[in-house]
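Accompanying notes for the structure given below.
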Amino acid sequence: MAIKHWHETERPREKLIRRGAQALSDAELLALFIGHGPGGSNAVDLGRDLLRQAGGLRQLLDMPREQFCKLRGIGPARLALFKGALEMGKRYLDQHYIREEPLREPCDVGPLFMSRLRPHPCEVFAALFLDNRHRIITYEELFRGTINAAVVYPREVVRRALDHNAAAVIFAHNHPSGDPEPSSADRCITRALVKALELIDVRVLDHLVVGDEKWVSMASRKMF
């Protein structure tokens with residue numbers, strides 16, 4: 001049955017207006033962007049089918065473009081809507097953290113790193129540069145690698161810290177395998193970065209390793 005024939009209280013758009021977005025299921029949220037389904041099906045049914053094909057909402061939105069377009073009921077226009085909405089959410093999260101207030105704890109920025117790094121199919125090494133009050137200056141992805149490694153150059157990190165006039169830095173990188181446990185190589189490069197940045201009086205506050213469902217703080221484990 002087409003959504004326009006549903007009771008008003010059950011239509012996704014009207015439900016959101018009356019009860020807020022948190023009242024909608026994942027399929028109903030997708031329906032807001034889908035508009036209508038193919039072949040007489042409604043947008044909520046298509047949303048449920050997309051979630052089933054992908055294995056869940058996160059898996060759906062993290063899909064590479066080529067794989068996403070192979071899903072039944074998805075074309076370039078809907079791909080653009082989904083990816084645009086996802087990027088808008090990421091930018092909101094970025095701006096939530098890049099603000100005037102100092103960070104209370106380095107690991108408070110875990111959600112920001114998760115949203116930016118988890119979708120990458122290869123290793124990406126990123127940094128948050130902070131001022132002397134631990135306010136975020138900027139987020140920057142510094143190095144990209146393969147599925148299981150990224151080469152990090154301390155000299156380049158030092159140069160970027162000087163460019164931003166940073167007083168402190170928080171590093172993060174993802175493990176595409178999904179396991180956030182820091183490796184021996186992770187510990188070695190972190191120590192090398194600490195030593196290099198000490199020469200210009202920049203403190204390394206933490207190095208987070210991002211996995212599929214969570215992140216690990218190397219500072220909290222005293223790994224460097």
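The values are calculated or read from the model by the stated rules, or taken from the named source; none is laboratory data. Source: prediction; values computed, not measured. Positions of Cβ are backbone-derived with ideal geometry, glycine not excepted, and every protein chain shown enters the neighbour counts.
What number of residues within the range 1-33 are β-branched (Val, Ile, Thr) and modelled with pLDDT of 85 or more?
Count: 1.
Filter the range 143-172 down to the residues that are surrounded by fewer than 16 Cβ atoms within 10 Å (Cβ to Cβ) and over 23 Å from the mean Cα position of the chain (by Cα), then identify the one that is nearest to residue 123 (Cα to Cα).
Among those that are surrounded by fewer than 16 Cβ atoms within 10 Å (Cβ to Cβ) and over 23 Å from the mean Cα position of the chain (by Cα), it is 153.
Of the residues 198, 156, 181, 123, which single one is more than 25 Å from residue 222 (Cβ to Cβ) and either among the aromatic types (Phe, Trp, Tyr) or not assigned by TED's automatic domain parsing to the domain that holds residue 63 (or both)?
Of the residues listed, the single one that is more than 25 Å from residue 222 (Cβ to Cβ) and either among the aromatic types (Phe, Trp, Tyr) or not assigned by TED's automatic domain parsing to the domain that holds residue 63 (or both) is 156.
Can you name the residue in the range 196-224 that is of a type in the set (A, V, I, L, M) and in contact (Cβ under 8 Å) with a residue 60 or more places away in the chain and, of all such residues, is nearest to residue 178 (Cα to Cα)?
Among them, the one singled out is 210.
Which residue pairs have Cβ atoms closer than 9 Å, lie 6 or more positions apart in sequence or on different chains, and pair a first residue in the range 170-185 that is at positive phi with a second residue that is exposed (fewer than 12 other Cβ atoms within 10 Å of the Cβ) and of a type outside the set (Phe, Trp, Tyr)?
If the second residue must be exposed (fewer than 12 other Cβ atoms within 10 Å of the Cβ) and of a type outside the set (Phe, Trp, Tyr), the pairs left are 178/213.
Would it be correct to say that residue 90 is in contact with a Ser or Thr (Cβ under 8 Å, 6 or more places away or on another chain) and surrounded by 11 or more Cβ atoms within 10 Å (Cβ to Cβ)?
yes
Condition first: surrounded by fewer than 19 Cβ atoms within 10 Å (Cβ to Cβ) and either under 23 Å from the mean Cα position of the chain (by Cα) or on the phi > 0 side of the Ramachandran plot (or both). Now tell me which residues in the range 188-204 satisfy that. Talk me through it step by step, then tell me what you get.
Within the range 188-204, the subset surrounded by fewer than 19 Cβ atoms within 10 Å (Cβ to Cβ) is 188, 191-192, 194-196, 198-201, 203.
Once the filter is applied, which keeps residues that are surrounded by fewer than 19 Cβ atoms within 10 Å (Cβ to Cβ) and either under 23 Å from the mean Cα position of the chain (by Cα) or on the phi > 0 side of the Ramachandran plot (or both), the range 188-204 yields only 201.
Can you run down the residue pairs with Cβ atoms below 9 Å, 6 or more apart or on separate chains, where the first is in the range 139-164 and among the polar types (S, T, N, Q) and the partner is modelled with pLDDT of 95 or more?
Every condition considered, the pairs that remain are 146/123; 148/123; 148/175.
Could you pull out every one of the helices (runs of 4 or more DSSP H) wholly within the range 18-131 that has 2 or more residues that are without any contact (Cβ under 8 Å) to a residue 24 or more places away in the chain?
26-34, 43-54, 57-62, 65-68, 76-97
Any residue at all in the range 178-193 that's at pLDDT below 95 and among the basic types (Lys, Arg)?
no
Only one of 56, 84 is on the phi > 0 side of the Ramachandran plot and modelled with pLDDT of 85 or more; which?
Testing whether each residue is on the phi > 0 side of the Ramachandran plot and modelled with pLDDT of 85 or more leaves just 56.
Just one of the numbered conditions (1) modelled with pLDDT under 95; (2) surrounded by 16 or more Cβ atoms within 10 Å (Cβ to Cβ); (3) of a type outside the set (A, V, I, L, M); (4) within 26 Å of residue 119 (Cβ to Cβ) is not true of residue 224; which one?
Going through the list (1) modelled with pLDDT under 95; (2) surrounded by 16 or more Cβ atoms within 10 Å (Cβ to Cβ); (3) of a type outside the set (A, V, I, L, M); (4) within 26 Å of residue 119 (Cβ to Cβ), residue 224 breaks only (4).
Within the range 116-139, take every residue that is at pLDDT below 95 and touching a helix residue (DSSP H, G or I) at 6+ places or on another chain (Cβ under 9 Å) and give me the one that is nearest to residue 159 (Cα to Cα).
139
Which of (1) surrounded by fewer than 19 Cβ atoms within 10 Å (Cβ to Cβ); (2) of a type in the set (Gly, Ala, Ser); (3) within 18 Å of residue 197 (Cα to Cα) is the odd one out, the single condition residue 127 does not satisfy?
With (1) surrounded by fewer than 19 Cβ atoms within 10 Å (Cβ to Cβ); (2) of a type in the set (Gly, Ala, Ser); (3) within 18 Å of residue 197 (Cα to Cα) applied to residue 127, the lone miss is (1).
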